[in-house]
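Take a look at the structure below.
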Amino acid sequence: ETVYIGDPGGKGREIKIVDIGDDSIYVGDAAGLSTGDIVNYESGGLLDIGGLQATDDMGDPIDYFVIEGKDGRIKLADSLANALVGDAIDLTSDGLVGGHTLTPQGGTAIDLWEKTETTGPKLGALRR
């Protein structure tokens, strides 16, 4: 799925939410995530982003570790050590049809459909 950031009446910057080419996820500049931050993934009961899952075999949330990227993008690692050296999980499909979130420990869920940016005016992402 592609979203457009910019003027709601026009076509702004084109952004891929999940880019399986570089294994990154667009969360927006406002997410404030840094390398090593722990997040939990939730698919909202829908098809997962390939390479990620919400819970382990015991039903407990899986911790993913952020690798901070540029332009509001992050990658996820399966351990802090891997995050610190930039070894990201291979994302194999975008899985997105709505309802997907990343929740930082002690933070508010980041809805992967509700992007905002802090660079320039805060504008929501538009699905087209």
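The single condition among (1) over 15 Å from the mean Cα position of the chain (by Cα); (2) at pLDDT below 95 that VAL85 does not satisfy is (2).
Within the range 67-80, can you find the residues that are buried (at least 17 other Cβ atoms within 10 Å of the Cβ) and among the small types (Gly, Ala, Ser)? Quick ask: steps written out before the conclusion?
First, the residues of the range 67-80 that are buried (at least 17 other Cβ atoms within 10 Å of the Cβ): 67, 69, 72-77.
Passing the criteria: GLY69, GLY72, ALA77.
Among the residues of the range 88-128, the ones that are modelled with pLDDT of 80 or more and more than 14 Å from ASP19 (Cβ to Cβ) come to 12 in all.
Could you list, in sequence order, the residues of the range 51-66 that are assigned to a strand (DSSP E or B) and open to solvent by less than 20 Å² (accessible area, probe 1.4 Å)? Give the steps one after another, and end with the answer.
Within the range 51-66, the subset assigned to a strand (DSSP E or B) is 55, 61, 63-66.
Scanning the range 51-66 gives TYR64, VAL66.
Taking the conditions exactly as written (of a type in the set (Val, Ile, Thr), at pLDDT 80 or above, part of a strand (DSSP E or B) and surrounded by 16 or more Cβ atoms within 10 Å (Cβ to Cβ)), does ILE25 satisfy them or not? For ILE25, the condition - of a type in the set (Val, Ile, Thr), at pLDDT 80 or above, part of a strand (DSSP E or B) and surrounded by 16 or more Cβ atoms within 10 Å (Cβ to Cβ) - is met. If you go through the range 86-107 and pick out every residue that is within 20 Å of GLY32 (Cα to Cα) and assigned to a loop (DSSP other than H, G, I, E, B), you end up with 6.
Selection of the range 1-18 for residues being within 13 Å of ASP71 (Cα to Cα) and either surrounded by 13 or more Cβ atoms within 10 Å (Cβ to Cβ) or modelled with pLDDT of 80 or more (or both) yields ILE5, ILE15, LYS16, ILE17. Given the structure, is SER43 buried (at least 17 other Cβ atoms within 10 Å of the Cβ) and at pLDDT below 95? Considered against the rule, which asks whether it is buried (at least 17 other Cβ atoms within 10 Å of the Cβ) and at pLDDT below 95, SER43 comes out as yes.
Look at the range 70-81 and say how many of its residues are over 11 Å from the mean Cα position of the chain (by Cα) and either charged (D, E, K, R) or under 21 Å from ASP94 (Cβ atoms) (or both). Quick ask: steps written out before the conclusion?
Going through the range 70-81, the residues over 11 Å from the mean Cα position of the chain (by Cα) turn out to be 70-71, 77-81.
Add one more test, that the residue is either charged (D, E, K, R) or under 21 Å from ASP94 (Cβ atoms) (or both), and what stays is 70-71, 77-78.
Of the residues in the range 70-81, 4 are over 11 Å from the mean Cα position of the chain (by Cα) and either charged (D, E, K, R) or under 21 Å from ASP94 (Cβ atoms) (or both).
Look at (1) part of a loop (DSSP other than H, G, I, E, B); (2) touching a residue at least 12 places away in the same chain (Cβ under 8 Å) and you find that LYS75 fails only one, number (1).
The values are calculated or read from the model by the stated rules, or taken from the named source; none is laboratory data. None of the values given here were measured: they were computed from a predicted structure. Virtual Cβ from ideal backbone geometry, glycine too; neighbours counted across all protein chains shown. Quick note on the areas: whole protein, heavy atoms, side chains included, nothing else; ligands and nucleic acids left out. Shrake-Rupley method; radii C 1.70, N 1.55, O 1.52, S 1.80 Å.
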